[in-house]
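Undergrad: Let me give you the structure first, and then I'll get to my questions.
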Amino acid sequence: MDIVPIEIYGVSVDLPLPKPLSMRDPALEEFVQALCDPQIGIGLRPSQVQLINRDWLYQYELTATFFEGNGTLVRNPERLRFSVRNARNWADWQLVHQTMLRVHNLLVLDPKSISNLTMQAQLRFPSMPDRERFLKTLAPGRAIARPCGLGYLRIPDWESEVRVQIEDSNLVPNGVYIGVDTQYQNNQDWESFVGCMPTMFAAAANAYGIGFEPFAGSPAGQES
């Protein structure tokens, strides 16, 4: 197995809301106030939140940006989407973890509903030959000009199939991109569930012969 560092990673979730919320509903303003609360929300400044409306009922979009533009939150009457990109180390994951946990806790979700989760990372191999050696393991024959991987996995303790995509990176020298798409039911204990997302991601990579080095600054990285 190739053990390689993660150079850049990102996470996004798409959550269905239990019922449409009109722009005039007081619950929408309460949600924004909670987002701006540093104790229960994510400490947004009012200038980071924008409400774009095309109609006074349901034709609106609430947007927020944070983490110096690398984090976005978009809410419409039916769904909420949250994403973070360009994260790099253990400290970044702590922020992502806390933010994802608080966003989930601010919402009243139907426990039978299903959310979508995407995680992706750019990995750096020691050299270009090392990267090409790995990518060739994904090629079934010599006719493949540009090897890549695509598969659906069953991972222990994860309720849904995990779709995995692997290809050469266009961002990181000697790099490989790996992305996963999956789903989860909204009846979780969020504290433990959000914390297990990196474990699911690592298990998906392991199935293709890739192991992740500990994040820079992580307790595991300091011990090694």
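The values are calculated or read from the model by the stated rules, or taken from the named source; none is laboratory data. Predicted model, so just to flag it, every value in this text is computed and none were measured. A quick note on method: Cβ atoms are made from the backbone with ideal geometry, for glycine too, and the neighbour counts reach across all protein chains shown.
Undergrad: Please work out which residue is farthest from residue 72 (Cα to Cα), limiting yourself to segment 1-23 and to residues that are more than 21 Å from the chain's Cα centre (by Cα) and of a type outside the set (Lys, Arg).
TA: So in segment 1-23, the residues more than 21 Å from the chain's Cα centre (by Cα) come out as 1-3, 18-23.
Then keep just the ones that are of a type outside the set (Lys, Arg); that gives 1-3, 18, 20-23.
Values: 1: 35, 2: 33, 3: 31, 18: 21, 20: 21, 21: 20, 22: 21, 23: 20 Å.
The qualifying residue farthest from residue 72 (Cα to Cα) is 1.
Undergrad: State whether one or more residues within segment 108-126 are in contact with a Phe, Trp or Tyr (Cβ under 7 Å, 6 or more places away or on another chain) and outside any strand (DSSP E or B).
TA: Within segment 108-126 (the criterion being in contact with a Phe, Trp or Tyr (Cβ under 7 Å, 6 or more places away or on another chain) and outside any strand (DSSP E or B)), the answer is yes, since at least one residue qualifies.
Undergrad: Let me ask you something else. Looking at 156, 140, 173 in this structure, which one is part of a loop (DSSP other than H, G, I, E, B), modelled with pLDDT under 95 and either within 17 Å of residue 7 (Cβ to Cβ) or among the hydroxyl-bearing types (Ser, Thr, Tyr) (or both)?
TA: Of 156, 140, 173, the one residue that is part of a loop (DSSP other than H, G, I, E, B), modelled with pLDDT under 95 and either within 17 Å of residue 7 (Cβ to Cβ) or among the hydroxyl-bearing types (Ser, Thr, Tyr) (or both) is 173.
Undergrad: So residue 57 clears everything in (1) in contact (Cβ under 8 Å) with a residue 40 or more places away in the chain; (2) out of contact with any strand residue (DSSP E or B) (no Cβ under 7 Å at 6 or more places or on another chain); (3) part of a loop (DSSP other than H, G, I, E, B) except one condition, right? Which one?
TA: Result: residue 57 passes all but (1).
Undergrad: Given (1) closer than 18 Å to residue 2 by Cα; (2) without any contact (Cβ under 8 Å) to a residue 24 or more places away in the chain; (3) assigned to a loop (DSSP other than H, G, I, E, B); (4) not acidic (Asp, Glu), identify the lone condition not met by residue 129.
TA: (3)
Undergrad: Take residue 2 and tell me if it is crowded, with 17+ Cβ neighbours inside 10 Å, in contact (Cβ under 8 Å) with a residue 12 or more places away in the chain and acidic (Asp, Glu).
TA: yes
Undergrad: For residue 31, indicate whether it is in contact with a strand residue (DSSP E or B) (Cβ under 8 Å, 6 or more places away or on another chain), part of a strand (DSSP E or B), in contact (Cβ under 8 Å) with a residue 24 or more places away in the chain and among the aromatic types (Phe, Trp, Tyr).
TA: Values: in contact with a strand residue (DSSP E or B) (Cβ under 8 Å, 6 or more places away or on another chain): yes; part of a strand (DSSP E or B): no; in contact (Cβ under 8 Å) with a residue 24 or more places away in the chain: yes; among the aromatic types (Phe, Trp, Tyr): yes.
So residue 31 fails the test.
Undergrad: While we're looking at this one, here's another question. Does residue 205 fit the bill of being closer than 30 Å to residue 99 by Cβ and either among the small types (Gly, Ala, Ser) or not in a strand (DSSP E or B) (or both)?
TA: The answer is yes for residue 205.
Undergrad: For the structure I just gave you, tell me whether residue 102 is out of contact with any Pro (no Cβ under 7 Å at 6 or more places or on another chain), modelled with pLDDT of 90 or more, more than 16 Å from residue 40 (Cα to Cα) and surrounded by 15 or more Cβ atoms within 10 Å (Cβ to Cβ).
TA: Considered against the rule, which asks whether it is out of contact with any Pro (no Cβ under 7 Å at 6 or more places or on another chain), modelled with pLDDT of 90 or more, more than 16 Å from residue 40 (Cα to Cα) and surrounded by 15 or more Cβ atoms within 10 Å (Cβ to Cβ), residue 102 comes out as no.
Each row is one residue, and each column tells you yes or no for (1) exposed (fewer than 13 other Cβ atoms within 10 Å of the Cβ); (2) out of contact with any Pro (no Cβ under 7 Å at 6 or more places or on another chain); (3) among the hydroxyl-bearing types (Ser, Thr, Tyr).
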residue: 36; (1), (2), (3): no, no, no
residue: 44; (1), (2), (3): no, yes, no
residue: 49; (1), (2), (3): no, yes, no
residue: 69; (1), (2), (3): yes, yes, no
residue: 76; (1), (2), (3): no, yes, no
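Undergrad: What number of residues within segment 183-218 satisfy the criterion of being modelled with pLDDT under 90 and hydrophobic (A, V, I, L, M, F, W, C)?
TA: The qualifying residues number 2.
Undergrad: Give the residue, chosen from 180, 162, that is under 22 Å from residue 112 (Cα atoms), at pLDDT 95 or above, in contact with a helix residue (DSSP H, G or I) (Cβ under 8 Å, 6 or more places away or on another chain) and hydrophobic (A, V, I, L, M, F, W, C).
TA: On the way: 180 fails: under 22 Å from residue 112 (Cα atoms).
One residue alone meets the criteria, 162.
Undergrad: Name the pairs: first residue in segment 62-79 and farther than 15 Å from residue 103 by Cα, second residue assigned to a loop (DSSP other than H, G, I, E, B), Cβ to Cβ under 6 Å, at least 6 apart or on different chains?
TA: 77/20; 77/21; 77/58; 78/17; 78/20
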